[in-house]
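Enquirer: Encoded as structure tokens, here's the structure I'll be asking about.
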Amino acid sequence: MPDANDVKARTHEYELGHSDRELKRLSTQARLIDPMTRQYFMNAGIVRGMRVLDVGSGAGDVAFLAAELVGDGGEVVGTDRSPAAVMAANAGAKAKGLGNVSFRLGDPTALAFERPFDAIVGRYVLCFSPDPVAMLRGLLSHLRAGGIVAFHEAGGLGAKSYPTSPAYDRCHEWIRETFRRVGTRPTMCLDLYSTFLDAGLPAPTMGLQALVGGGTGDLNGIDLIADLVITMAPVMEQVGVATIAEIDPATLHARVHADVERNGSVVVGRYEVGAWSRLPA
């Protein structure tokens with residue numbers, strides 16, 4: 001197994017990929033996480049009629065959420081670097097009949113837009129950036145004076161089981177270590193504060209939420225985390241965190257559920273942190 005210190009810079013553009021399976025996982029994730037993101041955006045001040053830039057849209061879930069908040073009189077423009085993600089997001093917008101949402105391919109810091117936005121938002125985006133401060137600074141050029149910046153980030157902090165469920169805790173350990181070795185920031189959820197300040201924004205207001213429940217609940221995030229491990233399994237093996245045989249994707253869900261139920265555990269999910277601020281007028 002390689003030394004964890006051997007991998008210090010990002011070695012993957014986006015280690016979760018954009019396969020059909022990953023886009024489906026993102027939809028399952030949205031069902032669990034959207035209520036948290038919605039609350040953060042509402043607290044940030046995103047209201048009807050606003051024009052919003054969604055960064056790293058993926059399958060479009062955050063853009064669709066923002067579209068509900070801004071209403072028909074508002075507009076959401078989503079961006080992503082993956083053609084597969086943009087295609088899936090545009091198809092999703094069409095299926096939902098959303099005329100106030102569109103998606104563009106490319107790096108949002110380099111794209112040109114016809115006019116400034118009232119708000120810039122993103123979920124699980126800054127953690128994958130090789131330089132989140134520079135990324136945020138670049139995005140601010142698209143924001144009007146007094147505009148809102150609101151990001152929701154997670155990472156690898158906070159997750160735990162009580163009493164201990166070794167199988168559940170091991171999944172989080174694998175994820176945290178893999179993210180660390182490939183250069184993703186597992187502490188981005190709490191690094192949001194310094195990132196906003198270093199990008200030239202006022203100190204953000206922040207909030208923290210987490211999924212929590214027993215083994216039989218449907219909103220405790222066990223399947224969410226097991227799905228993430230399965231998606232990341234090839235990268236985990238590549239960087240020496242765990243082998244495919246150890247992970248055993250075909251039985252992982254069942255094993256984790258059984259372990260949690262056998263131990264009578266309550267499982268707490270990773271920290272889900274929101275941060276929001278306004279560009280000075």
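Enquirer: Starting from the Cα coordinates of the chain, work out the convex hull volume and express it per residue in Å³.
Expert: 122 Å³
Enquirer: Which one, Gly97, Val55, His142, is farthest towards the positive end of the dipole of the chain when Lys and Arg carry +1 and Asp and Glu -1 on their Cβ?
Expert: Ranked along the dipole, the leading option is His142.
Enquirer: Moving to a separate point now. Most fluctuating residue of Ala44, Ala167, Ala110 in a GNM of the chain with Cα springs under 10 Å: which is it?
Expert: Ala110
Enquirer: Within a Cβ distance under 14 Å of Arg137, other residues only, what is the Lys/Arg minus Asp/Glu net charge?
Expert: That works out to -3.
Enquirer: Could you calculate the FRET efficiency of Arg144 with Asp198 from 1/(1 + (r/R0)^6), where r is the beta carbon distance between them and R0 is 22 Å, rounded to 0.05?
Expert: 0.55
Enquirer: If you don't mind, another one. What is the chain's relative contact order, in percent, from Cα pairs under 8 angstrom and six or more apart in sequence?
Expert: 23 percent
Enquirer: What residue among Pro130, His253, Ala199 has its Cα farthest toward the positive end of the dipole of the stretch 4-278, where the charges are +1 on Lys, Arg and -1 on Asp, Glu, each on the Cβ?
Expert: Ala199
Enquirer: Would you mind working out the magnitude of the charge dipole of the stretch 136-281 relative to its Cα centre, with +1 at each Lys and Arg C-beta and -1 at each Asp and Glu C-beta, to the nearest 20 Debye?
Expert: Taking the Cα centre of the stretch 136-281 as origin, the dipole is about 560 debye.
Enquirer: Sticking with this structure for a sec: Looking at the chain, send over the antiparallel percent of its DSSP beta bridges, to the nearest 5.
Expert: Approximately 45 percent, going by the DSSP bridge assignments.
Enquirer: Amide H of Gly158 versus every other amide H placed in the peptide plane: which residues, excluding those fewer than 5 positions away on the same chain, fall under 5 Å?
Expert: Tyr271
Enquirer: Right, something else. Counting each DSSP H run of 4 or more residues in the chain as -39500 (n - 2.57), what helix-only mean residue ellipticity at 222 nm follows after dividing by all residues, to the nearest 500 deg cm²/dmol?
Expert: It lands at -14000 deg cm²/dmol.
Enquirer: Determine the sum of side-chain charges near Ala119: Lys and Arg each +1, Asp and Glu each -1, restricted to other residues whose C-beta is under 10 angstrom from that of Ala119.
Expert: +1
Enquirer: Moving to a separate point now. Suppose R0 equals 30 Å; then what is the FRET efficiency for Ala112 and Thr205 from their Cβ-Cβ distance, rounded to the nearest 0.05?
Expert: 0.45
Enquirer: Which three extents, in angstrom, do the Cα atoms of the stretch 168-212 have along their principal axes, listed largest first?
Expert: Principal extents (Cα only, largest first): 38, 28, 7 Å.
Enquirer: Please state the charge dipole magnitude for the stretch 4-278, taken about the Cα centre, from unit charges on C-beta atoms (+1 on K and R, -1 on D and E), reported in debye and rounded to the nearest 20.
Expert: 480 debye
Enquirer: Still on this model: Let me check I've understood the local charge: for Gly106, count other residues with C-beta under 13 angstrom from its C-beta, Lys and Arg +1, Asp and Glu -1. What total comes out?
Expert: 0
Enquirer: How would the stretch 211-278 be classified by its alpha-carbon gyration tensor: rounded, prolate or oblate, with rounded meaning a/c under 1.5 and the a/b versus b/c comparison settling the rest?
Expert: Oblate shape, in that a/c is at least 1.5 and b/c is the bigger or equal ratio.
Enquirer: Please list 179-191, 233-245 highest first by mean number of surrounding beta-carbon atoms within 10 Å per residue.
Expert: In decreasing order of mean packing, 179-191, 233-245 become 179-191, 233-245.
Here, each number is a calculation from the coordinates, and none is a lab measurement. Keep in mind the model is a prediction, meaning the values are calculated, not measured. Positions of Cβ are generated from backbone atoms using ideal geometry, with glycine treated the same way; all protein chains shown enter the neighbour counts.
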